[in-house]
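The values are calculated or read from the model by the stated rules, or taken from the named source; none is laboratory data. All values derive from a computational prediction rather than experimental measurement. Cβ placement follows ideal geometry from the backbone for every residue including glycine, while neighbour counts extend to all protein chains displayed. Each accessible area value is taken on the protein alone, full model and side chains, heavy atoms only, with ligands, DNA and RNA left out. Shrake-Rupley method; radii C 1.70, N 1.55, O 1.52, S 1.80 Å.
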Amino acid sequence: MIPLRSLVNTAKLVLPNMRALSAKAGPLVDLAVDNEGIATLTLQRPPVNSLNLDLLQDIDKALDDVVKNKAKAMILTSSAPTTFSAGLDIMEMYKPDMKRVETFWTTLQGVWLKLFGSTFITAAAINGHAPAGGCLLAMSCEYRVMVGGKFSTGLNETALGIVAPRWFMDTMCNTISKRETELALTTGRMFSVEEALKVGLIDEIATDKADCIEKSKKFIKKFDRIPPMARAITKQKIRGDALGWLQKNKQEDLKEFLTFVSNPKVQQSLEMYMQMLKKKAGK
Ligand code: CO8
């Protein structure tokens, strides 16, 4: 039995002096690059940016566009008022079409490889909740600024009876210590903003989204005098083991995921979880 037991708008962001690339990137994300070569990738899938196949495909395309535009850095944020991303869209895993869910998982793998392994500078402006896959996206960036308030972030998979994939674990190990990762993952811990700062899961607390973006830009500015190639190669070498593992084990990882979603007990748990989310929302 796999217990899924601990149950736990879209304004376009095109700032002045930015050119919009949303036509290329697709409607579920907005990509804009400013005059200093800083791209802002805004997730805009209401209500909570849950990562379905379409959103993941748009993120994937947008990451390619950042490279094509030769942007030196990218800030990842959300247009939702209180959520950065609710993580993977449960509906993609619930009674799935097997062909689609396979594409869903391989697209997620691809997005992670591109984001975690990017040569450009990355910062997450976390303007709200960032559970599970939302935390994964934020941790894949090099720097995290989170708006203070009653938000939380972390990898809650274990509390839901799910074993987080190895590369989720590796991403957290790249962010906080291995010991803190083990404690966080085995307990499925969700961190408050203050707790996340204390452990290093985020780097700064901001007053609001604009402050988040401002602080992310300050981080990016630190690299003005660092030769970009040396910076990029250093980042990729430090992240190389984790990247190499997934590159070598994509098929194995996919097989594990497909076995997971094919399990009737898992399906039952996903159904209960979705019902709980809807009940909580009073629907
Ligand atoms: N997937 C699908 N729908 C979702 C999700 C989601 N992850 N999260 C929220 N929704 C839906 C809700 O059901 C609700 O729908 P409706 O409007 O139809 O009732 C709507 O989005 C709004 O949600 P809330 O009312 O809950 O919004 P709040 O602003 O109150 O709260 C939160 C936002 C905190 C993000 C809250 O929605 C929440 O906790 N969501 C669940 C987060 C979560 O547990 N995500 C885990 C996803 S699994 C994952 O990412 C990794 C799995 C790895 C699998 C590995 C297998 C081997």
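When the accessible area of the chain is split by element with a 1.4 Å probe, what percent falls to carbon and sulfur?
Carbon plus sulfur share of accessible area: 57 percent.
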Those lysines that a straight Cα-Cα span of less than 21 Å connects to K278, excepting residues fewer than 8 apart in one chain: K95, K150, K265
Place the peptides 43-50, 241-248, 117-124 in order of packing, highest mean first, counting for every residue the other Cβ atoms within 10 Å and averaging per peptide. 117-124, 43-50, 241-248
Using only the Cα atoms of the range 244-283, what semi-axes does the equivalent ellipsoid have when each is the square root of 5 times a gyration tensor eigenvalue? Give whole Å, largest first. 31, 13, 4
Could you tell me which of L56, T42, M276 has its Cα farthest along the dipole of the chain towards the positive end, charges placed at Cβ (Lys, Arg +1; Asp, Glu -1), taken about the Cα centre? T42
Using Cα pairs closer than 8 Å and at least 6 residues apart in sequence, work out the relative contact order for the range 18-282, in percent. 17
XL table K72/K218; K114/K248; K198/K221; K68/K218; Cα-Cα > 20 Å flagged, in table order, is K198/K221; K68/K218
Can you give the extra length, in nm with one decimal, that the chain gains between K68 and K222 once fully stretched, where that is 0.36 nm per residue apart less the Cα-Cα distance? 53.1 nm
Which value, in Å², gives the accessible area per residue of the range 18-282 when a 1.4 Å probe is used on the protein heavy atoms? 45
For K198, put the label point 7 Å out on the Cα→Cβ axis and report which residues of the range 100-132 keep their amide N under 16 Å from it. none
Near K99, which aspartates and glutamates are there with a Cα under 18 Å away, not counting those fewer than 8 places off in the same chain? D54, D89, E252, D253, E256
Whether the range 18-282 is rounded, prolate or oblate, judged on the alpha carbon gyration tensor where a/c under 1.5 counts as rounded: rounded
How would the range 40-138 be classified by its alpha-carbon gyration tensor: rounded, prolate or oblate, with rounded meaning a/c under 1.5 and the a/b versus b/c comparison settling the rest? oblate
